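Take a look at the structure below.
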Amino acid sequence: MKPPPFVYHRPASVVAALATLAEAGEDGKVLAGGQSLVPLLNMRLTQPGHLVDINRIRELSYVDAGSDAVRVGALTRHAELARHPGVPALLREATGCVAHPAIRNRGTTVGSIVHADPAAELPAVLALLRGSVTLASAAARPGRARPDQEIVRRSVAAADFFLGPLTSAVRPDELAVEAVFPRPAPRSGTAWLELSRRKGDFALCGTGVLVTLDEDRRVTGATGAYTGVGPVPVLVELTEAVAGRPVDAVDWDRAGTLAAGAVAPEDDIHATAAYRRQLVRVLSARAGAAAARMAVADG
Amino acid sequence: MTTKLFGEPIPRREDPRLVAGAGRYLDDIDEPGQLAAAFVRSPHAHASIVDIDVTGALEVDGLVAVYTYEDLAGPLAQPLPLLIPHPSLRAARTPYPLAKDRVRHVGEAVAMVVATDRYLAEDAAQRIRVTYQPLPPVVGLDAASKAGHLVHEDVPDNVSAHLVQEVGDAAAAIAAAPHRLHLELHIERSASMPMEGRGVHARWDETDRSLRVYSSTQTSTSLRFALAAKLDLPVDRVEVVTPDVGGGFGVKIVHPWPEEVLVPWAAIRLRRPVKWAEDRREHFISSAHERGQQHSVDVGFDDDGRLLGLSVKFLHDNGAYTPYGIIVPQVTSTQLPGPYRLGAYRVEFHSLYTNTVQVTPYRGAGRPHGVFVMERTMDAIAAALGLDRTVVRERNFIQPEQMPYDQGLIFQDGRPLVYDSGDYPAALRLAKKLVGWDEFTAVREQARAQGRRVGIGIACYVEGTGVGPYEGAYVRVETTGKVVVATGLTTQGQGHETVFAQIAADQLGVPVENVNVVTGDTRRFAFAVGTFASRAAVMSGNAVAAAAGKVRAKALRIAGEALEVDPADLSIVDGVVSVKGTPQAAIPLASVAVLANPLRYAFDEQAKQATQFAVGGGIHRPPVAEDDEPGLAATGYYSPVRSTFANGVHAAVVETDPETAEIRILRYCVVHDCGRLINPRIVQGQVHGGVAQGVGGALYERIVYDEHGQLLNASYMDFLIPYASEVPAIEIDHLQTPSPLNPLGIKGAGEAGVIPGAAVLAAAIEDAEGIPVHRMPICPSELWELRNADHR
Ligand SMILES: Cc1cc2nc3c(=O)[nH]c(=O)nc-3n(C[C@H](O)[C@H](O)[C@H](O)COP(=O)(O)OP(=O)(O)OC[C@H]3O[C@@H](n4cnc5c(N)ncnc54)[C@H](O)[C@@H]3O)c2cc1C
């Protein structure tokens, strides 16, 4: 379990990182917290020729908790995000379920999103909040062989970002510089629940629910986001099962049943597909009720 | 003998070193010029090797050598030894150090690469192209017993061993019994999984023509003999040293491993030190597994639940090879009766080859399976008769006054299975009290009323410990008054440095701080068997006591001469020999050590001081008497007639989630009887670790192969060892029924904690759910599926 040879780059700025990535092309990989990449390297499951370590790029380490959205820089660690006072409950709860303290101290929120593990929490949270990822690359001006100093940015919505297991919309020459988590609308509540075999493991199924009420405390919308039951984070619109009812009269089991029917999990060595469906049912009902309680408190 | 330290829960002396990261493990050993080995391993469960093309590897800078089977010669080209033969083992097969023509499991070593470091060795290994002709793999006991395909061409039914033991006529007893039950009880495959994998470091001294090998092994002395034989070296030119070892749990008692002979062999050929430290994936696919067995049980009993006849047939999956013979199924078959009088008993097993990693003992070694079978049967009898589960057990117990009790079977040591002592009814009474058995019906009903499901289980076991043939120790008092204790037995963190020091310090009347213990180093002690089968404390403990006792006698004799008193009037306290009642007439043990060695040179203060005493037989006798030896030192051995039998009872309370089927252990109680306790703290630690492994085996850990023989969970991500967060608080009570078989009255404690884990948790889950649980381990998904199947 030793990695094959690679060239190691440690740029101090985004511009320098992008230049290296552009040059390396398909043969390059970004190294953030290394919590997913290093095991893959050691098991020789990925064999990039160039590693671009972004840990010296301090400008990428920030949490910007704005009134509309929380913006998280690419070098922000899970632990830093969870500790930040301005972070909404859903983000904090979900991040608290990621792995163990040692891993949260190194692993990055953006790295987790780019890595696009269908069992990971933060991709599902990003999807549920309809967030986006900002990608940067070096501009190549026509007639010049080498990429320019200029940075090109694009923003990719969560819905378009996750393409499959461990596959995201990031191109080899791109660096994900920021994840944007919009704040839920007023009179909203959220909850994150999951079931893992051992504390800190990737969950068999993770469930986030977002519930929104109107001024009369009737449910106007409910959405569930799920990990571990599809190739990418799965969003299920739960509104039809619960909408229009006063929040106290909602039967959240109906939402659970709806969600269970909408997902298509697979068998693996830890659980059958039917059991995972059962978890979607149970966790949706429990998280829905918890999110509704929070929405009541919010409005 | 004073009993000052024996029985005291003194802190582990090894902990400051180990806990602070100052341990030295195999991979910490580095020398200038050292090379690293890596192995090319089979990706197929079953295949013939058509061609090995190494040309790609030759491009790797830093490559030193590539070896395949064709490079091996002499004893090294032969299959590795069969360690424990047995007449029932009719088709024993062991692997070659490097595969010859055939591979029989994923992970079997095909080529060895040596390079200047492990990175480069892996780079080169990756470039070696092996062409295989895949053959149909045999995976699982069903496929193995159908024998549609064969693991070894010349073993036509895939059966390596078949053994029957019978006491009385079980079939007739069952047929005549008023009640009968049939049960199918399965335990799935798991593995020892020490945190530190295997590892070998070898250095050849060309001038001295000697080999030093460090190995992360549970037996250095036997490895030494094996290496001498395999490498054709005089035993005297081979020394084997165990550094700190990060766990063994059975897997490291196997020896010599392919890598253990190949690395020293390469070091000799290349005249450079070579190291191989196994990585986790290698450990999963190339060391050893255990546990997989399917049992078919028929039992006959009377209206009171008394056993009249028990017949158990089982299949044991021994993987691709059988270096350790039939030990695991043999232990299952003989330890299964536990604390009960069985009436008639018949047990029959087939040990079967499959294209999977070989199976060798893992902590518990067949006992967890046997206890699972017996205790599930007890619970089934109780359910059938509507009796309390503990009542059925009580009615079948062997009583203390029936000791010694002969089960009429032959144990794994080839000797009659005779329980030496134990008070099983008392152990059960204590356990019931500890867990609150009699009050639990109310607890269960109260929980039910709140929509919660809780259940309780109990399981009893008897464990043969301290198997022979022998263990030895060397004890020497130095002229500083410090005591050196050396035993050839190895240590993997159990606390031997502490308990052996306690025993020696007591015998010699010295502070425990003055005793230094060395284990597993053939330079210090050459004859030993190894650490397994809960034997270290019993075997080496008694050997240390024997050697220290001899040293004490010699010290008193010499001190008697020096002080001109009868040795019987002397005592040793705090390292000073003095006349009882007249403490001013005294001589330090250090001075006695000087006197014990009639050397003329006075190197230090002790020696100068000692010159004031006169000893020896005068000028007409030789300075060292004919039956004496210089030095205040002695060697002692302990060799018991047979094993000593520890016992215990575990009880657990679990809660299962009605919706998600999550299983939570609310309480875990242990009553444990391992005879006299040398150090209760250390026994407690052994129990804690054992229970953690038992919980792992019951609820988390399993080795999963697909039908092609690919291991699906060869990492700690998917092979779920419980974390501290999954292991419950453990409540312990001890009984101390001394063993009459050894002078210290002790029994083994190393494996006990793990043994009833699957049985007790299955019972508790069954109680919570009201559904029979006949297969372990069990996970939430399986429990949920079991509920659904039960409803259909
Ligand atoms: C034992 C263990 C348990 C874990 N459990 C969980 C869990 O329960 N839930 C969970 O969500 N995660 C879990 N993880 C994964 C952990 O959260 C990782 O930290 C995270 O998935 C990746 O973040 P990283 O910063 O370590 O990324 P790295 O490992 O450095 O990179 C991961 C991948 O993303 C790419 N990448 C990273 N950052 C960027 C960027 N800015 N731009 C472009 N590409 C980038 C890398 O090239 C690489 O392909 C676990 C990890 C371990 C080791």
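A compact table of results
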{"item": "Test result for A:Pro246, away from chain B (no Cβ under 14 Å), within 12 Å of the ligand (Cβ to nearest atom) and either polar (S, T, N, Q) or surrounded by fewer than 21 Cβ atoms within 10 Å (Cβ to Cβ) (or both)", "result": "no"}
{"item": "Selection count, segment B:690-713, where residues are more than 9 Å from every other protein chain (Cβ to nearest Cβ), charged (D, E, K, R) and buried (at least 18 other Cβ atoms within 10 Å of the Cβ)", "result": "1"}
{"item": "Residue match in segment B:663-686 (condition: within 14 Å of chain A (Cβ to nearest Cβ), closer than 28 Å to B:Gln446 by Cβ and outside any strand (DSSP E or B))", "result": "no"}
{"item": "Those strands (runs of 3 or more DSSP E) lying entirely in segment B:229-322 with at least 1 residues in contact (Cβ under 8 Å) with a residue 60 or more places away in the chain and within 14 Å of another protein chain (Cβ to nearest Cβ)", "result": "B:274-277"}
{"item": "Members of segment B:606-636 found to be under 18 Å from B:Val592 (Cβ atoms) and of a type outside the set (A, V, I, L, M, F, W, C), listed by number", "result": "B:Gln606, B:Lys608, B:Gln609, B:Thr611, B:Gln612, B:Gly616, B:Gly617, B:Pro623, B:Asp628, B:Glu629, B:Pro630, B:Gly631"}
{"item": "Residue match in segment A:40-52 (condition: more than 8 Å from the ligand (Cβ to nearest atom), aliphatic (A, V, I, L, M) and either surrounded by fewer than 19 Cβ atoms within 10 Å (Cβ to Cβ) or at pLDDT below 95 (or both))", "result": "yes"}
{"item": "Flag if B:Ile755 is in contact with a Cys (Cβ under 8 Å, 6 or more places away or on another chain) and among the aliphatic types (A, V, I, L, M)", "result": "no"}
{"item": "Residue match in segment A:10-21 (condition: out of contact with any His (no Cβ under 6 Å at 6 or more places or on another chain) and either assigned to a strand (DSSP E or B) or of a type in the set (Lys, Arg) (or both))", "result": "yes"}
{"item": "Residues of segment B:10-61 satisfying the condition of being outside any loop (DSSP other than H, G, I, E, B) and farther than 30 Å from B:Arg212 by Cβ", "result": "B:Ala47, B:Ser48, B:Ile49, B:Val50, B:Asp51, B:Ile52, B:Asp53, B:Thr55, B:Gly56, B:Leu58, B:Glu59"}
{"item": "Contacts under 9 angstrom Cβ, first residue in segment A:127-140 being more than 20 Å from A:Ala19 (Cα to Cα), partner basic (Lys, Arg), 6 or more apart", "result": "A:Leu129/A:Arg183"}
{"item": "Residue count for segment A:167-198, restricted to those that are within 10 Å of the ligand (Cβ to nearest atom), within 14 Å of chain B (Cβ to nearest Cβ) and aliphatic (A, V, I, L, M)", "result": "0"}
{"item": "Among (1) touching a Lys or Arg at 6+ places or on another chain (Cβ under 8 Å); (2) in a helix (DSSP H, G or I); (3) crowded, with 18+ Cβ neighbours inside 10 Å - the single one B:Leu741 does not satisfy", "result": "(2)"}
{"item": "Pair list, Cβ under 9 Å, 6 or more apart: segment A:97-122 residue near the ligand (Cβ under 7 Å from one of its atoms), other residue of a type in the set (Lys, Arg)", "result": "A:Val98/A:Arg104; A:His100/A:Lys199; A:Arg106/A:Arg77; A:Gly107/A:Arg77; A:Thr108/A:Arg77"}
{"item": "Residue in segment B:759-768 that is among the acidic types (Asp, Glu), over 17 Å from B:Pro728 (Cβ atoms) and away from chain A (no Cβ under 14 Å) present", "result": "yes"}
{"item": "Residue match in segment A:71-78 (condition: closer than 26 Å to B:Ser715 by Cβ, buried (at least 16 other Cβ atoms within 10 Å of the Cβ), within 11 Å of the ligand (Cβ to nearest atom) and not acidic (Asp, Glu))", "result": "yes"}
{"item": "Flag for A:Leu129 being closer than 20 Å to A:Asp68 by Cβ, surrounded by 23 or more Cβ atoms within 10 Å (Cβ to Cβ), more than 14 Å from chain B (Cβ to nearest Cβ) and not charged (D, E, K, R)", "result": "yes"}
{"item": "Any chance A:Thr207 is more than 19 Å from B:Arg664 (Cα to Cα), in contact (Cβ under 8 Å) with a residue 24 or more places away in the chain, hydroxyl-bearing (Ser, Thr, Tyr) and within 16 Å of the ligand (Cβ to nearest atom)", "result": "yes"}
{"item": "Any hit, segment B:344-360, residues being within 20 Å of the chain's Cα centre (by Cα) and hydroxyl-bearing (Ser, Thr, Tyr)", "result": "yes"}
{"item": "Close pairs from segment A:27-49: first within 13 Å of another protein chain (Cβ to nearest Cβ), partner of a type in the set (Ser, Thr, Tyr) and more than 9 Å from the ligand (Cβ to nearest atom), Cβ under 9 Å, at least 6 apart", "result": "A:Pro39/B:Ser715; A:Met43/B:Ser715"}
{"item": "Residues satisfying the stated conditions in segment B:751-786, i.e. within 18 Å of B:Gly451 (Cα to Cα) and in contact with a Pro (Cβ under 9 Å, 6 or more places away or on another chain)", "result": "B:Glu766"}
{"item": "Test: residue in segment A:80-92 that is within 13 Å of the ligand (Cβ to nearest atom), touching a residue at least 60 places away in the same chain (Cβ under 8 Å) and under 19 Å from A:Ala32 (Cα atoms)", "result": "no"}
{"item": "Breaking point among (1) under 16 Å from B:Ala115 (Cβ atoms); (2) of a type outside the set (A, V, I, L, M); (3) without any contact (Cβ under 8 Å) to a residue 40 or more places away in the chain, for B:Asp30", "result": "(3)"}
{"item": "Residue satisfying all of: in segment A:22-39; out of contact with any Asp or Glu (no Cβ under 6 Å at 6 or more places or on another chain), of a type outside the set (Val, Ile, Thr) and not in a helix (DSSP H, G or I); surrounded by the most Cβ atoms within 10 Å (Cβ to Cβ) among these", "result": "A:Ala32"}
{"item": "Residue in segment B:724-738 that is touching a His at 6+ places or on another chain (Cβ under 6 Å), more than 14 Å from every other protein chain (Cβ to nearest Cβ) and at pLDDT below 95 present", "result": "yes"}
{"item": "Subset tally (residues that are within 14 Å of another protein chain (Cβ to nearest Cβ) and out of contact with any Pro (no Cβ under 8 Å at 6 or more places or on another chain)) for segment A:260-287", "result": "18"}
{"item": "Residue in segment B:143-156 that is touching a Leu at 6+ places or on another chain (Cβ under 7 Å), in contact (Cβ under 8 Å) with a residue 24 or more places away in the chain and away from chain A (no Cβ under 14 Å) present", "result": "yes"}
{"item": "Within segment A:53-70, tally of residues that are touching a His at 6+ places or on another chain (Cβ under 8 Å) and within 11 Å of the ligand (Cβ to nearest atom)", "result": "1"}
{"item": "Subset of segment B:162-204 [β-branched (Val, Ile, Thr) and part of a strand (DSSP E or B)]", "result": "B:Val164, B:Val167, B:Ile187, B:Val200"}
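The values are calculated or read from the model by the stated rules, or taken from the named source; none is laboratory data. Predicted model only: the values in this text are computed from it and were never measured. No Cβ is skipped: glycine too gets one built from the backbone with ideal geometry, and neighbour counts run over all protein chains shown.
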